[in-house]
Amino acid sequence: MPAEARAVDTSKPTRTIGGGTAASCTSAAVVKAVAAGGVITFDCGPEPVTIKMTATAKVRNANGPRVVLDGGGKVTLSGQGQRRILYMNTCDGAQGWTTSHCQNQDHPQLTVQNLTFADGNSTGERTEGGGGGAVFVRGGRFKVVNSRFVRNRCERTGPDLGGAAIRVLSQYENRPVYVVGSTFDGGVCANGGALSSIGVSWVVLNSVLRDNRAVGAGANPARAGTPGGGSGGAIYCDGNEFTVRIAGTIIEGNKANEGGGAVFFVSNNRTGTMRIENSALRRNPSDGFETRGYPGIFFLGARNPTVTNSKLS
């Protein structure tokens, strides 16, 4: 496990949401804490709690530079099927510009850990092209550790938007987004039923992506007479130079109406690479197209994916 992929120490938090009871853990408290930044924990009492978000929590770019949201394994943030849950965008002037090169800056560094994101829905949110039913990130750095994403949604059609759970655009110096020890279940979007990105590298470790769906139609670019989309049942990656590493991970039961029931990977300039290690990809139908010899995967890159100690079926 690379050091930068590990959970952040939150034993000395900057701020705590809640005052020891479930009732004290509110949507407004989450929104306020995320805007203030720093290391954030929860004190919602001894039992698991679901916080029904009535507004999207948004990172303020000048606050941090580190923003950590740690649910302690007992907190669920619910979008109630009505809204995106968490948003960070270094190029969104409404959240404050902090450098002259918003698309490539090392902060904020956002980490979510020990937390569940449920029933997020970014349908209708078209800033930066939309997507990211639970979490949308552009710029800075982003990491997910020991977290769950369930029943998240985004637009059902469109040629390039995606990420029912997570959508990421541009990371500092193309450093990877780490997804570690996390599960993604029941996500639905035009593309990328769990994860989606453009020009972003990923390292997915010891995780499970199950029963997610890419439900668009017409692929990308959209065929004539179609709305587009339908690729990457679990993971959708597009752009130029980027990499994907999947290790110790199960990707199963996902589906794409078009290409890549498990993973859709297109490096437009054919420089991108993908590695699959100690993993199982199974029962991920691609109703339209996939790369021969790689069940559940559609891949265009520098060379065929490297598959080690793994089973694709």
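Restricting attention to region 1-13, the residues being in contact (Cβ under 8 Å) with a residue 12 or more places away in the chain and under 25 Å from the mean Cα position of the chain (by Cα) number 9.
Scanning region 16-61 for residues that are among the hydrophobic types (A, V, I, L, M, F, W, C), free of Cβ contacts under 8 Å to residues at least 40 places away in the same chain and in a loop (DSSP other than H, G, I, E, B) yields Cys44, Met53, Ala55.
A count restricted to region 136-155 and to residues that are farther than 27 Å from Ser100 by Cβ, part of a loop (DSSP other than H, G, I, E, B) and not hydrophobic (A, V, I, L, M, F, W, C) stands at 5. Out of Gly163, Gly158, one residue alone is touching a strand residue (DSSP E or B) at 6+ places or on another chain (Cβ under 6 Å), under 13 Å from Leu86 (Cβ atoms) and in a loop (DSSP other than H, G, I, E, B). It is Gly163. Take the conditions (1) surrounded by fewer than 18 Cβ atoms within 10 Å (Cβ to Cβ); (2) more than 30 Å from Asp106 (Cβ to Cβ); Gly38 misses just one of them, which is (2).
Of all residues in region 177-197, those being in contact (Cβ under 8 Å) with a residue 40 or more places away in the chain and either over 12 Å from the mean Cα position of the chain (by Cα) or crowded, with 24+ Cβ neighbours inside 10 Å (or both) number 11. Listed by first and then second residue, the pairs with beta-carbon distance under 8 Å, at least 6 apart or on different chains, first residue in region 232-246 and more than 10 Å from Val204 (Cβ to Cβ) and crowded, with 24+ Cβ neighbours inside 10 Å, second at pLDDT 95 or above and of a type in the set (Lys, Arg), are Gly233/Arg213; Gly233/Lys255. Residue-level check: of (1) under 12 Å from the mean Cα position of the chain (by Cα); (2) of a type outside the set (Lys, Arg); (3) under 23 Å from Ala280 (Cβ atoms); (4) in a loop (DSSP other than H, G, I, E, B), Val200 misses just (3).
The values are calculated or read from the model by the stated rules, or taken from the named source; none is laboratory data. Every value quoted in this text rests on a predicted model; they were computed, and no experiment measured them. Counting neighbours? That spans all protein chains shown, and the Cβs are built from the backbone with ideal geometry, glycine included.
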